[in-house]
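Enquirer: Have a look at this one.
Please treat every number below as a calculation from the coordinates, not as lab data. Nothing here was measured: the structure is a model prediction, and the numbers come from that model. Every residue, glycine as well, gets a Cβ built from its backbone with ideal geometry; the counts of neighbours run over all protein chains shown.
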Amino acid sequence: MRTFRNLLVTGGAGFIGSNFIRHVFEKTDFAGRIVNYDALTYAGNAESLADVAATFGGRYVFLHADIRDAAAVREALDRYEIDAIVHFAAESHVDRSIVAPDDFVQTNIVGTFNLLQAARERGAALSLFHHVSTDEVFGSLGPTGFFSETTPYAPHSPYSASKASSDHLVRAFHDTYGLPVTITNCSNNYGPFQVPEKLIPLMVLNALEGRPLPVYGEGLNVRDWLHVEDHCTAIWTVMARAESGSTYCVGGRNERTNIDVVTRICALVDRLAPPLPSGAPRESLITHVADRLGHDRRYAIDCSKLEGDFGWTQAYTAENGFEQTVRWYLENPKWVDSVRTGDYRRWIERNYAKRG
């Protein structure tokens, strides 16, 4: 069982990273310090951890810095005597990788390389480098079967290719230099603090405001939905207990077509929020749009290795997880406004205008 004193969490102001920091402080026996290393791109929001900063004082440190800056990475690891790194920081949206793939190469590949080099320089002082990855590195499934730890890599988008590259770098540093590493590949996350470019928050907020609900193609692409809190529990379990060099797939056992997810969100917003002025059900707002380039048909995770080795299991189902998430967005309009009026909105306006 590993224990840690000083964790560096990259991308800790983002969706999964902020939930992970809160989880470690509030729901584990961790007694050390967490250094949140985040560049605060459009997807990062320091307000997501304002309550953590107020509650945990000196045990929580925020560094506004970029993993693409190798010198800044080394300085942070040495200054705060980091003994474990949890690497979330990444460009992470397929649509944006199609529009601006260069950002994905620089952050996901070069940034990860900078972290690995700095971690290697820590020598025996570093007990673990945990790399958070995605099931998208495996490509697309047919109507049956599941991704597992032995599935060959077959990425189809600039995003998934950049994450596959970073996975390979992490394994190479373990195999070549003996760097202690663990890797998790997760399915689609959802939950609080997710920026509204992602499917579930986008549908919640558009449905609430009576705007169109864009669905790619016929909406029959299948994803395995994993609540972010379950993901955080899995990551902490792997960090504490898994052998160096090992990989674990983390899934929600919650396969849904995109159209099923959207109609469920519509029904929840209809039940939990005031009706539209027209009185029409939110499902009437669904608008089918041209399919995404290279859109993978189905992802599904076999997480039996994680369940069998450590007894991990999901606390959230589609029913309680989706409702908890919809309620969170309805109850936190201040956070939503802070995201939609800041760098996120400027990025969308600047980059999606290129599509003409």
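Enquirer: Which aspartates and glutamates does Lys334 reach when only Cα atoms under 20 Å apart count, and residues fewer than 8 places away in its own chain are ignored?
Expert: Glu47, Asp51, Glu197, Glu209, Glu323, Asp343
Enquirer: Build a GNM of the chain with springs between Cα atoms under 10 Å: which of Gly44, Gly321, Gly57 gets the top mean-square fluctuation?
Expert: Looking only at Gly44, Gly321, Gly57, the biggest GNM fluctuation is shown by Gly57.
Enquirer: Taking θ as phi - 60°, what are the ³J(HN,Hα) couplings along segment 210-217 by the Karplus curve (6.51, -1.76, 1.60), each to the nearest whole Hz, with x for Gly and Pro?
Expert: x, 9, x, 10, x, 10, 5, x
Enquirer: Sorting Asp38, Asp66, Asp337, Asp291 on the 10 Å Cβ count, fewest up front, what's the list?
Expert: Details: Asp38 26, Asp66 20, Asp337 10, Asp291 13.
Ordered from fewest to most neighbouring Cβ atoms within 10 Å, Asp38, Asp66, Asp337, Asp291 come out as Asp337, Asp291, Asp66, Asp38.
Enquirer: Starting from the amide H of Phe62, placed 1.01 Å from N in the peptide plane, find each other amide H under 5 Å away whose residue is 5 or more places distant or on another chain.
Expert: Sorted by chain and number, the residues that satisfy this are Asn36.
Enquirer: Ranking Tyr42, Tyr329 by Cβ neighbours within 10 Å, fewest first, what do you get? Show your work: numbers first, answer last.
Expert: Values: Tyr42 18, Tyr329 24.
Ranked by crowding around the Cβ, least crowded first: Tyr42, Tyr329.
Enquirer: In degrees from 0 to 90, rounded to the nearest 10, what is the angle of the helix 112-122 Cα long axis to the longest principal axis of the chain?
Expert: So the inclination is approximately 30 degrees.
Enquirer: Highest first, please rank the peptides 1-8, 171-178 by the mean number of other Cβ atoms sitting within 10 Å of their residues.
Expert: Working: 1-8: 16.5, 171-178: 14.2.
Packing order, densest peptide first, comes out as 1-8, 171-178.
Enquirer: Oh, and also: What distance in nm lies between label points placed 7 Å from Cα along the C-beta direction at Arg59 and His288?
Expert: Using points 7 Å along Cα→Cβ, the separation is 5.2 nm.
Enquirer: Okay, next question. For Asn189, what residues show an amide H to amide H distance below 5 Å, using hydrogens built from the backbone and excluding near sequence neighbours?
Expert: Leu226
Enquirer: How large is the dipole of segment 122-185 about the Cα centre if only Lys and Arg carry +1 and Asp and Glu carry -1, each at its Cβ, rounded to the nearest 20 debye? It would help to have the intermediate numbers written out before the result.
Expert: Details: 3 positive and 5 negative charges, 38 e Å.
In total the dipole reaches around 180 debye.
Enquirer: For Asp270, what charge total do you get from the other residues with a beta carbon under 10 Å from its beta carbon, if Lys and Arg give +1 and Asp and Glu give -1? Mind showing how you got there, number by number?
Expert: Working: positive: Arg271, Arg282; negative: Glu283.
The answer is +1.
Enquirer: Sticking with this one: Taking H as built 1.01 Å from N, whose amide H comes closer than 5 Å to the amide H of Glu255, not counting residues under 5 places away?
Expert: Trp225
Enquirer: First select every other residue whose beta carbon is under 12 angstrom from the beta carbon of Val215; then total the charges, Lys and Arg +1, Asp and Glu -1. Can you show the working numbers first?
Expert: Values: positive: Arg292; negative: Glu218, Asp260, Glu283, Asp291.
Value of the local net charge: -3.
Enquirer: Oh, and also: With n ≥ 4 as the cut-off for DSSP H runs, can you work out [θ] at 222 nm for the chain, using -39500 (n - 2.57) per run divided by the number of residues, rounded to the nearest 500? Working shown, then result.
Expert: Details: 14 runs with 150 residues, N = 356.
-12500 deg cm²/dmol, from helical runs alone.
Enquirer: While we're looking at this one, here's another question. Please give the helix 15-27 orientation as an angle from the longest Cα principal axis of the chain, in degrees from 0 to 90, rounded to the nearest 10.
Expert: Helix 15-27 sits at roughly 60 degrees to that axis.
Enquirer: What spacing in nm lies between the two simple spin-label points modelled at Tyr153 and Thr341, each 7 Å away from Cα in the Cβ direction?
Expert: Roughly 4.2 nm, to one decimal.
Enquirer: Remind me, relative contact order of the chain in percent, using alpha carbon pairs under 8 angstrom and six or more residues apart? Please report the intermediate quantities before stating the final value.
Expert: Details: 654 pairs, mean separation 66.5, N = 356.
Rounded, it is 19 percent for the chain.
Enquirer: Here's a follow-up. Quick check on the exposure proxy: order Val195, Val105, Val9 from fewest to most C-beta atoms within 10 angstrom. Numbers along the way, then the final one.
Expert: Working: Val195 20, Val105 16, Val9 25.
So the ranking, lowest neighbour count to highest, is Val105, Val195, Val9.
Enquirer: Let me ask another. What's the local net charge at Tyr159, with K and R +1, D and E -1, over the other residues with C-beta under 15 Å away?
Expert: Every neighbour counted, the sum reads -4.
Enquirer: Under 16 Å from a label point 7 Å along Cα→Cβ of Glu319: give me every residue in segment 255-280 with its amide N that close.
Expert: 255, 264-265, 268
Enquirer: What label, among (i) 17.0; (ii) 23.2; (iii) 17.9, belongs to mean projected area of the Cα convex hull in nm² computed from the structure on display?
Expert: Step by step, mean projected area of the Cα convex hull in nm² for this structure corresponds to label (i).
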